[in-house]
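The values are calculated or read from the model by the stated rules, or taken from the named source; none is laboratory data. Just so it is clear, the model here is predicted, and its values are computed rather than measured. Note that each Cβ is placed from the backbone with ideal geometry, even for glycine, and that neighbours are counted across all protein chains shown.
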Protein chains: 2
Amino acid sequence: MPYDAVTDAAPVVVMGELEPYASPHRLTGARVEGDRVAVTWDDGREARFHRIWLRDHCPCSACRHPQTRERTFDLVDYGPVPQPAAEVTPDGALGLLWPEGGGHHESLFDPGWLRLRDDSGGPAGGDGRGFWDAAGMQTLPQVSWTAMTTTDAGLRTWLENLSRYGIALITDGPTEGEEVLGAVERIGWPRETNFGRMFDVVSKPNPNNAAYTAIKLEPHVDLPNWQRPPDFQFLYCLENAAEGGASLLTDGFAVAEQLKREDPEAFEVLASQPVDFRFQDETADIAFRAPTVGRDADGALSEIRFNNWIRDKLRMPADTVPVFYRAYVRFWELLRDPRFMIRFQLQPGQMIGFDNLRVLHGRESFDPNTGRRHLQGAYVDRDLVNSRLRVLQRGGA
Amino acid sequence: MPYDAVTDAAPVVVMGELEPYASPHRLTGARVEGDRVAVTWDDGREARFHRIWLRDHCPCSACRHPQTRERTFDLVDYGPVPQPAAEVTPDGALGLLWPEGGGHHESLFDPGWLRLRDDSGGPAGGDGRGFWDAAGMQTLPQVSWTAMTTTDAGLRTWLENLSRYGIALITDGPTEGEEVLGAVERIGWPRETNFGRMFDVVSKPNPNNAAYTAIKLEPHVDLPNWQRPPDFQFLYCLENAAEGGASLLTDGFAVAEQLKREDPEAFEVLASQPVDFRFQDETADIAFRAPTVGRDADGALSEIRFNNWIRDKLRMPADTVPVFYRAYVRFWELLRDPRFMIRFQLQPGQMIGFDNLRVLHGRESFDPNTGRRHLQGAYVDRDLVNSRLRVLQRGGA
């Protein structure tokens, strides 16, 4: 959070949003400079805002719907934005008077809100995600089932770890069955897929998917063949008496950064060359094409799509094929390198939550004749996780 | 579909996929050339495939799980791919013998399958989407409720139109209520959001969203504040007796192309500069940041994010602000230009389906005192629409 001085003081001007923006700093100066308005706070800090940006962000009840808080000011109907008159109000806020329709429209901007918006250099870098290797993840961040399911603080801690590290454990839960849906409901609702709203991971006689066998599972993400794959996966352990079957997890973002350091060309091909994925059974045929390493609009790592089973026929320019395979194999080696991969045995009553598009998961093979192994899984959207976390974080850091 | 010669003939080699690949053309030649294998078909066509690509795509039951059809061959454990011996089998397929572990591994490739994979220049361009303006969409593509809900052919036609034009109408349906969910269930299941699995569009006394008022709605997409917004929206009309309230729809991809023609700089800023969106109420706080015009990994238009109500504070470098606003206003003007926008009155028993991230929707204001207006809406994932369509298209073009 970029705000520098949250206080208990109420905001000077109601800006129609829930994020805190109160600040002890008031404006001492405001003047029009060409197509911008320059302001000065009482600690000497200065900033400039385009007048079109200011007009577009007017918080008055004519420009924002008073109940929904949504913007009802339509710039498209406004025409060129005129030069306003600028002043500092007695409260230290910014007052602007816009000549409109023979009269004036008044906009008031809270000084703390404006201070938050002064990102002259664009949004701040660093997203606070703690990329990890095996040495840095010797103890999984964990919260008890009781704390997660009955207290806001427990849920918040668990979600903060899940969001920051892409991995968080729940311990000491019951083993009645379907607890995984109870965990999901603390956040929102499950993301349904072609495997249902919840799925049982057991060895099945007629598997349509490698997870339903007893074989070793190489590190992978689930459902990269979906345009919109599930973001988070929760795996709840009900029984784990079979020999083998340890869980394997690797931070794919840490591995992508490592690949970038040691072989920038390999990283670039994984980050730019789309790969096809496809899953087909009797009733479904779900396919998508995207790079192995995804980046968001600001260039930050945003997703990994790696799943060797359902990687479809590779379509790419012939000259790219050799470098792609070199990059793909090296990425895979790093994903299961003990330097990056952690290994643990999930116990009955434990649930592991992980970011399906960042932390790749796998498991060692197990012997279904030595005992029963039964996990239940469900998926949750990142939108819901982030929303729940923001709501829990309201009203204080 | 890029295949040139689907026939009734069975494939020569089972490649473990459902997409048709049978072809009358057989191989007449195969030889190793450096790190590639060159093949010739009986019509003289030639192609070259990297040997690493061929080894990776071996369809035998040791390299592909015989039940799940998923790839079980792990390139990461293989080491350098050796030079194979190549031959044409008596059936005209490609046979490769790989020296492995003191013996040989045999791979057989169907000649029709290889022909499909010969995309020497990369994937074919042109996605078959019919961008439209108002003159080109004077009659909405439509299917009756009975055909869509009771026949595969009706459903397929409706989905083909929805996929191609981003818009398709259902007519002559009942008005009992919740039909919209019945339509969704023909395809899969609804995409749940913070507005539920289904939502009623009526004028509400305490709206948390502009759709629940009676005001005019400017063209917009729903939920661009989600990282994963709903892809398709179905709006089912139960009552429409109020004065006003006509539906307005515009193909945002056609408009984006128009903007690109008339002002390439404006298009580029909309396609590259991320914009924040945010929705907040008492229980949710859902925010995401993405460009107005999205492109997929191959550079094709993939989504529009435009919704002036929930556009959040604009964070971008100060020098970009003026060109962004110029682009944004011009894009908005084009979205509601009668050259691009279509207008129609949805009748009770009709359902309009549209691509929420391509076809922007709006409505004229209505007077809730003149009669009741009641629509029911639901969302569906593109993954499910595409999957259903592929399954319906199996076994013939």
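Among residues of segment A:140-155 that are under 11 Å from A:A183 (Cα atoms), those with a Cβ under 9 angstrom from a residue that is hydrophobic (A, V, I, L, M, F, W, C) and outside any helix (DSSP H, G or I), sequence gap 6+ or separate chain, pair up as A:W145/A:I170; A:W145/A:M351; A:M148/A:I170; A:M148/A:M351; A:T149/A:I170; A:L155/A:V143; A:L155/A:I187.
Picking from B:A210, B:A290, which residue would you name as being modelled with pLDDT of 95 or more and among the small types (G, A, S)? Walk me through it before giving the result.
Values: B:A210 fails: modelled with pLDDT of 95 or more.
None of the others qualify; the one that does is B:A290.
Quick one: is A:A168 out of contact with any Lys or Arg (no Cβ under 8 Å at 6 or more places or on another chain), in contact (Cβ under 8 Å) with a residue 60 or more places away in the chain and assigned to a helix (DSSP H, G or I)?
On the way: out of contact with any Lys or Arg (no Cβ under 8 Å at 6 or more places or on another chain): yes; in contact (Cβ under 8 Å) with a residue 60 or more places away in the chain: yes; assigned to a helix (DSSP H, G or I): no.
So A:A168 does not fit the description; no.
Considering only segment A:35-53, how many residues are small (G, A, S) and more than 11 Å from every other protein chain (Cβ to nearest Cβ)?
Step one: of segment A:35-53, the residues small (G, A, S) are A:38, A:44, A:47.
From what is left, the residues that are more than 11 Å from every other protein chain (Cβ to nearest Cβ) are A:38, A:44.
The qualifying residues number 2.
In segment B:299-311, how many are surrounded by fewer than 19 Cβ atoms within 10 Å (Cβ to Cβ) and either in contact with a Lys or Arg (Cβ under 8 Å, 6 or more places away or on another chain) or at the interface with chain A (Cβ under 7 Å from one of its Cβ atoms) (or both)? First the steps, then the outcome.
Within segment B:299-311, the first condition is being surrounded by fewer than 19 Cβ atoms within 10 Å (Cβ to Cβ), and the residues that meet it are B:299-300, B:302.
If we keep only those that are either in contact with a Lys or Arg (Cβ under 8 Å, 6 or more places away or on another chain) or at the interface with chain A (Cβ under 7 Å from one of its Cβ atoms) (or both) too, we end up with B:302.
The number of residues fulfilling the criteria is 1.
Here segment B:50-75 is the region considered, the condition is being touching a residue at least 12 places away in the same chain (Cβ under 8 Å) and out of contact with any strand residue (DSSP E or B) (no Cβ under 9 Å at 6 or more places or on another chain), and the residue that is nearest to B:A38 (Cα to Cα) is B:I52. The condition (being within 28 Å of B:P274 (Cβ to Cβ) and exposed (fewer than 15 other Cβ atoms within 10 Å of the Cβ)) is satisfied by just one residue among A:P111, A:P80, A:P90: A:P80. Go through segment B:136-165 residue by residue and tally those that are in a loop (DSSP other than H, G, I, E, B) and either outside the structural domain of B:P348 (by TED's automatic domain parsing) or of a type in the set (V, I, T) (or both). Final tally of qualifying residues: 2.
If you check A:L96 against the conditions, is it more than 30 Å from B:F195 (Cβ to Cβ), surrounded by 14 or more Cβ atoms within 10 Å (Cβ to Cβ) and more than 12 Å from chain B (Cβ to nearest Cβ)? Taking the combined requirement at face value, the residue satisfies it. The requirement of being within 28 Å of B:V323 (Cβ to Cβ) and assigned to a loop (DSSP other than H, G, I, E, B) is fulfilled somewhere in segment A:44-54, by at least one residue.
Can you give me the number of residues within segment A:174-191 that are without any contact (Cβ under 8 Å) to a residue 24 or more places away in the chain and within 13 Å of chain B (Cβ to nearest Cβ)? Let's see the steps before the verdict.
Taking segment A:174-191 as the starting set, the residues that turn out to be without any contact (Cβ under 8 Å) to a residue 24 or more places away in the chain are A:176, A:185.
Narrowing further to those that are within 13 Å of chain B (Cβ to nearest Cβ): A:185.
Residues in segment A:174-191 being without any contact (Cβ under 8 Å) to a residue 24 or more places away in the chain and within 13 Å of chain B (Cβ to nearest Cβ): 1 in total.
For segment A:124-143, the condition of being within 14 Å of chain B (Cβ to nearest Cβ), under 32 Å from the mean Cα position of the chain (by Cα) and aromatic (F, W, Y) holds for none of the residues.
When restricted to residues that are over 21 Å from B:A47 (Cα atoms) and in a strand (DSSP E or B), segment B:96-112 contains 5. Collect the residues in segment A:260-272 that are more than 23 Å from the chain's Cα centre (by Cα) and either within 13 Å of chain B (Cβ to nearest Cβ) or in a helix (DSSP H, G or I) (or both), keeping them in residue-number order. A:R261, A:E262, A:P264, A:E265, A:A266, A:V269 - these are the residues of segment A:260-272 that are more than 23 Å from the chain's Cα centre (by Cα) and either within 13 Å of chain B (Cβ to nearest Cβ) or in a helix (DSSP H, G or I) (or both). Among the criteria (1) away from chain A (no Cβ under 11 Å); (2) touching a residue at least 60 places away in the same chain (Cβ under 8 Å), the one B:Q227 does not fulfil is (1). Selection within segment A:276-298: residues that are facing another protein chain (nearest Cβ under 7 Å) and among the polar types (S, T, N, Q). The member of this set that is surrounded by the most Cβ atoms within 10 Å (Cβ to Cβ) is A:Q280. Mind checking whether some residue in segment A:146-158 is modelled with pLDDT under 95 and either buried (at least 18 other Cβ atoms within 10 Å of the Cβ) or of a type in the set (A, V, I, L, M) (or both)? No, every residue in segment A:146-158 fails to be modelled with pLDDT under 95 and either buried (at least 18 other Cβ atoms within 10 Å of the Cβ) or of a type in the set (A, V, I, L, M) (or both). Looking at segment A:215-259, which of its residues are in a loop (DSSP other than H, G, I, E, B), within 18 Å of B:R69 (Cβ to Cβ) and not β-branched (V, I, T)? Across segment A:215-259, the qualifying residues are A:D222, A:L223, A:P224, A:N225, A:W226. If the condition is being within 21 Å of B:L335 (Cβ to Cβ) and touching an Asp or Glu at 6+ places or on another chain (Cβ under 9 Å), then segment A:64-77 contributes A:R71, A:F73, A:D74, A:L75, A:V76. Of all residues in segment A:333-383, those being buried (at least 20 other Cβ atoms within 10 Å of the Cβ), in a strand (DSSP E or B) and within 27 Å of the chain's Cα centre (by Cα) number 17.
Do we have any residue at all in segment A:76-84 that's in a strand (DSSP E or B) and free of Cβ contacts under 8 Å to residues at least 60 places away in the same chain? Talk me through it step by step, then tell me what you get.
If we filter segment A:76-84 for residues that are in a strand (DSSP E or B), which is where we start, we get none.
No, the conditions are met nowhere in segment A:76-84.
Looking only at residues in segment A:358-397 that are away from every other protein chain (no Cβ under 14 Å) and under 19 Å from A:G154 (Cβ atoms), which one is modelled with the lowest pLDDT? Steps first, answer last, please.
Filtering segment A:358-397 down to residues away from every other protein chain (no Cβ under 14 Å) leaves A:359, A:361, A:363-364, A:366-377, A:396-397.
Imposing the further condition that a residue be under 19 Å from A:G154 (Cβ atoms) reduces the set to A:396-397.
Numbers: A:G396: 52, A:A397: 42.
Filtering segment A:358-397 for residues that are away from every other protein chain (no Cβ under 14 Å) and under 19 Å from A:G154 (Cβ atoms), the one modelled with the lowest pLDDT comes out as A:A397.
Taken together, the residues in segment A:313-331 that are more than 7 Å from chain B (Cβ to nearest Cβ), modelled with pLDDT of 90 or more and surrounded by fewer than 21 Cβ atoms within 10 Å (Cβ to Cβ) amount to 4. Residues of segment A:192-224 that are more than 30 Å from A:R330 (Cβ to Cβ), of a type in the set (A, V, I, L, M, F, W, C) and in contact (Cβ under 8 Å) with a residue 24 or more places away in the chain: A:M198, A:F199, A:V202.
Looking only at residues of segment B:163-178 that are out of contact with any Leu (no Cβ under 8 Å at 6 or more places or on another chain) and crowded, with 21+ Cβ neighbours inside 10 Å, we find that the one that is nearest to B:F344 (Cα to Cα) is B:I170. Quick check on segment A:257-268. Is at least one of its residues assigned by TED's automatic domain parsing to the domain that holds A:W158, touching a strand residue (DSSP E or B) at 6+ places or on another chain (Cβ under 7 Å) and not aromatic (F, W, Y)? Within segment A:257-268 (the criterion being assigned by TED's automatic domain parsing to the domain that holds A:W158, touching a strand residue (DSSP E or B) at 6+ places or on another chain (Cβ under 7 Å) and not aromatic (F, W, Y)), the answer is no, since none of the residues qualifies.
Mind checking whether some residue in segment A:236-259 is more than 21 Å from A:N161 (Cβ to Cβ), without any contact (Cβ under 8 Å) to a residue 12 or more places away in the chain and within 22 Å of the chain's Cα centre (by Cα)? No; the residues of segment A:236-259 include none that is more than 21 Å from A:N161 (Cβ to Cβ), without any contact (Cβ under 8 Å) to a residue 12 or more places away in the chain and within 22 Å of the chain's Cα centre (by Cα).
Restricting the first member to segment B:260-278 and to residues that are β-branched (V, I, T), and the second to residues that are assigned to a helix (DSSP H, G or I) and buried (at least 18 other Cβ atoms within 10 Å of the Cβ), the beta-carbon pairs closer than 7 Å and six or more apart or on different chains are B:V269/B:F324; B:V269/B:A327.
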